[in-house]
Amino acid sequence: REAQMTDRFLIVLTLVSALGCGMASGVFFSFSAFVMKGLSRLPAPQGIAAMQSINITAVTPLFMTTLFGTAAACLLLAISSLFTWHKPGALCLLAGSLLYLVGTIFVTIVFNVPRNDALAAVIPASADGAAFWSDYVISWTAWNHVRTITGLAAAALLTFALCRQWAGTSA
């Protein structure tokens, strides 16, 4: 009975994690697909000011809960996969969770956030601002592509693990 409750909890946690990975990846995809392209078409002072505003408004409870709540869930899944290695989908749980934690969260903290912090200090109309902006758009977007791809791959792996888990409980 206790094992069934644990299995059900892991199924729900996997579903929530897969959805969170997909949602975060979708946000990042939007930036890679058109937001940064649109901002880069603006004169540098306008692009800088717009991105500075976006970076402030992105830090909302809803988005932070999605981004970091999914990370917490993935951490639990990664740990649980090590203790349930014999069960269907364990490898996909581990791989998907680690992809999200490293490719999305680690990249966000180490590469995108420091660039956002540096952009926050830029005076949009300054000559230095224009030079910084052109480098920022290229490097920030490149790392955002990484977050997009790894978040989507994590969602796919967790969805596959979910299918394996579900099939394992109905057998």
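A few notes on this one:
- Shape class for the range 70-171: prolate, because the ratio a/c of the largest to smallest gyration tensor axis (alpha-carbon atoms, square roots of eigenvalues) is 1.5 or more and a/b beats b/c.
- Protection proxy ranking, peptides 14-26, 58-70, average beta carbon neighbours within 10 Å, highest first: 14-26, 58-70
- Axis angle, to the nearest 10 degrees, between helix 44-57 and the longest C-alpha principal axis of the chain: 40 degrees.
- In the chain, the longest principal axis of the Cα atoms and the axis of helix 2-30 are about 20 degrees apart.
- Packing here is the average count of other Cβ atoms within 10 Å per residue, and on that basis the peptides 97-109, 42-54, highest first, run 97-109, 42-54.
- The Cα center of the range 111-150 and the Cα center of the range 7-63 differ in position by 15 Å.
- Nearest 10 degrees, 0 to 90: helix 127-170 Cα axis against the chain principal axis: 10 degrees
- On the principal axes of its alpha carbon atoms, the range 4-124 extends 57, 23, 21 Å, with the longest extent given first.
Taken together, the values in this text are just the output of simple stated rules run on the coordinates, not laboratory data. Owing to the predicted nature of the structure, the values given are computational and were not obtained by experimental measurement. All Cβ positions, glycine included, derive from the backbone under ideal geometry; neighbour counts span all protein chains shown.
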